[in-house]
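Input: a single structure, listed below in structure tokens.
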Amino acid sequence: MTADCRLVLPTEIIYICYVLNYLMMKQTITVNIKGISSFAADAELRSVTDRAISSLRMLCDGTGRGSEFTGWLRLPDQAVNETAAVKACAARLRTLAPVTVVVGIGGSYLGARALTEALNDPFAPKEHTLLFAGHTLSEDYHAALLRYLDGTDYNIVVISKSGTTTEPAIAFRILRDHLRNKMGVAAMKSHIVAVTDARRGALHDLAVSEGYETFVIPDDVGGRYSVLTPVGLLPLALAGYDIDAFARGMLDMALSVREGNDTPANIAVTYAAARNTLYSIGYSTEILISYEPSLVFLAEWWKQLYGESEGKESKGIFPASVTFTTDLHSMGQYIQQGERKLFETVIHVADSRNKLVVPGATDNSDGIGFIAGKRMTEVNHKAEAGTRLAHIGGGVPVILVGMERIDEYNLGQLMYFFELACAISGYILGVNPFDQPGVESYKKNMFALLGKPGFEAERERLEKQLQGRG
């Protein structure tokens with residue numbers, strides 16, 4: 001099966017649609033790689049850029065490894081016309097209860113949380129509260145969640161293709177039992193929505209038998225690329241955000257970096273080539289940096305996207321993250337003067353949603369009188385620029401990714417950009433960016449140690465191994 005990057009429409013309609021979209025689209029994300037120029041030779045960068053362009057063509061032609069999981073490439077073309085059902089479900093759930101618990105892990109959780117945390121006003125009362133479960137095996141976390149849910153009505157949105165992933169399966173079993181005891185079998189069914197496989201799997205079968213409303217995770221879309229499916233859209237709509245603007249952002253970016261832009265000017269090509277050029281000369285750790293605490297979970301989403309896509313066959317850049325200026329007072333020393341094997345990708349947010357000016361004072365005992373009258377965003381930007389120069393001077397290459405502001409549209413652009421660049425990077429490395437065979441290793445050991453039938457011999461071996469290690 002190959003991935004076709006175009007809609008299945010008559011040629012004339014395709015052409016007209018693309019022309020109209022091109023005229024209306026706006027790319028708000030920028031990439032600046034001047035900060036690697038003193039570290040990477042031009043010839044090497046040009047060579048890797050050529051490979052990045054070939055990788056993009058291979059991705060869109062569906063001729064690369066894992067092409068059966070490239071359905072996410074086409075999601076922006078479809079999602080702008082498919083959000084109505086998601087919005088209707090979100091509206092229904094919001095009338096039923098003031099709280100929804102989203103159950104999922106990895107790609108079934110991180111995209112939704114990245115978006116809602118980025119857009120959230122942390123101190124404002126919530127019209128609808130989103131909580132998360134199934135992303136940890138902590139007993140204390142889930143016990144505390146149940147104590148909170150004892151005092152409120154709530155819904156459950158459970159997200160899993162199979163329904164058998166251990167962490168969300170345990171959480172969903174616990175929450176379903178709690179909800180049943182709270183309101184009864186018949187009443188609870190309208191409070192549960194399953195986002196799962198279209199035809200098979202434990203969660204699909206349970207949803208059908210119990211009569212839960214369902215949404216589909218497409219077969220050709222892996223979890224970490226699923227943010228523009230109901231996996232990400234339903235929680236985003238529940239939290240009261242504009243999923244149409246998010247989808248439009250993704251579509252505009254897709255039209256900018258996907259079709260007919262197999263050139264060095266393509267920002268996804270630029271980013272993929274820059275980071276892989278640095279990797280080829282020994283920079284094996286990439287730190288994603290933002291100066292906005294609301295982007296902490298965007299970094300967690302990014303780390304899964306790149307770590308799980310590239311980290312295989314003893315290859316791959318290790319993805320890490322920090323939030324400045326906060327972490328300049330903890331990790332800043334290491335980044336400035338530690339081992340010179342790391343580089344930075346800095347997310348620069350051009351403007352904030354709010355305006356706050358540093359006030360003057362009757363004295364200047366704190367020594368910051370020269371900052372009085374400046375917006376905090378200006379101070380933050382100067383800290384960013386100063387840090388960038390210091391780190392480059394200290395031997396740390398810096399890639400700068402710019403976005404206009406933190407809103408649904410810009411986040412849609414940013415996330416599609418990162419997804420496409422990630423797939424290109426995987427092909428440059430020569431790995432399949434759409435599988436994750438190493439994830440199964442810990443599960444097999446855990447199942448054996450927990451006494452899963454059929455794992456008896458393995459359990460004995462592992463217990464002896466643990467005893468031998470003290």
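The values are calculated or read from the model by the stated rules, or taken from the named source; none is laboratory data. Predicted model, so just to flag it, every value in this text is computed and none were measured. So basically every Cβ, Gly included, is an ideal-geometry build from the backbone, and we count neighbours across all protein chains shown. Accessible surface is based on the protein model in full, side chains and every heavy atom, while ligands, DNA and RNA are left aside. Shrake-Rupley method; radii C 1.70, N 1.55, O 1.52, S 1.80 Å.
Where q = 0.17, 0.19 Å⁻¹, what log10 of I(q)/I(0) comes from the Debye formula for segment 350-415, counting one point per Cα?
Once normalised to I(0) and log-transformed, intensities are -0.81, -0.90.
Out of all Cα-Cα pairs in segment 230-376, roughly what percent, to the nearest whole number, are more than 20 Å apart?
Taking all Cα-Cα pairs of segment 230-376, the fraction more than 20 Å apart is 66 percent.
Looking at the chain, do any whole DSSP H helices span at least 27 angstrom along their long axis by alpha carbon and average -0.5 or above on Kyte-Doolittle, and which?
Qualifying helices: 42-61, 408-429.
Based on the alpha-carbon gyration tensor of segment 309-426, what equivalent-ellipsoid semi-axes (square roots of 5 times the eigenvalues) come out, in whole Å, largest first?
32, 21, 10
What's the whole-number percent of alpha carbon pairs in segment 173-225 lying beyond 18 angstrom? Numbers along the way, then the final one.
Numbers: 509 of 1378 pairs.
Every Cα pair in segment 173-225 considered, those over 18 Å come to 37 percent.
If you take the Cα atoms of segment 148-293, find Rg, then find the Kirkwood Rh from the mean of 1/r over all pairs, what is Rg/Rh?
Ratio of gyration radius to Kirkwood radius: 1.09.
Using a 1.4 Å probe and ignoring any ligands, DNA or RNA, find the accessible area of residue 189 and quote it in Å² to the nearest 10.
Residue 189 has an accessible surface of roughly 70 Å² with all protein chains in place.
Of all beta bridges DSSP finds with both residues in segment 76-165, what is the antiparallel percent, to the nearest 5?
So the antiparallel bridges in segment 76-165 amount to around 0 percent.
Output the pairs from 26/341; 34/303; 303/355; 87/312; 87/189 with a Cα-Cα distance over 27 Å in this structure; if there are none, say none.
26/341; 303/355; 87/312
So in the chain, what percent of DSSP beta bridges are antiparallel if you round to the nearest 5?
Restricted to the chain, the bridges split so that about 10 percent are antiparallel.
Can you give me the solvent accessible area of residue 368 with a 1.4 Å probe, rounded to the nearest 10 Å²?
For residue 368, the solvent-accessible surface is approximately 70 Å².
To the nearest 20 Debye, how big is the dipole of segment 106-166 about its Cα centre, given +1 on the beta carbon of each Lys and Arg and -1 on that of each Asp and Glu?
For this selection, approximately 220 debye.
Hey, if you put +1 on the Cβ of every Lys and Arg and -1 on every Asp and Glu Cβ in the chain, which of 331, 447, 97 ends up farthest toward the positive end of that dipole?
Sorting the options by dipole projection puts first 447.
So with the 1.4 Å probe, I'd like the accessible area per residue for segment 232-348, rounded to whole Å².
Result: 34 Å² per residue.
Can you tally the net charge around residue 321? Count Lys and Arg as +1, Asp and Glu as -1, for every other residue whose Cβ sits under 13 Å from the Cβ of residue 321.
-4
Could you give the dipole magnitude of segment 118-213 about its Cα centre, charging the beta-carbon of Lys and Arg +1 and that of Asp and Glu -1, in debye to the nearest 20?
Dipole size: approximately 260 debye.
Tell me the carbon and sulfur percent of the accessible area for the chain, rounded to whole percent, probe radius 1.4 Å.
In the chain, the share of accessible area belonging to carbon and sulfur is 55 percent.
To the nearest whole percent, what portion of all C-alpha pairs in the chain is separated by more than 27 angstrom?
Summing the P(r) tail past 27 Å for the chain gives 59 percent.
Loop only by DSSP, 10 or fewer other Cβ within 10 Å of the Cβ. Give me the GluC sites (Glu not before Pro) in segment 336-421 that pass, ordered by residue number.
Sparse-neighbourhood loop GluC sites (Glu not before Pro): 339.
Tell me the trypsin sites (Lys or Arg not before Pro) within segment 400-470 that lie in a loop according to DSSP and have at most 15 other beta-carbon atoms within 10 Å.
405, 469
Might you report the magnitude of the Cβ-based charge dipole of the chain about its Cα centre, with Lys and Arg at +1 and Asp and Glu at -1, to the nearest 20 debye?
My answer is approximately 420 debye.
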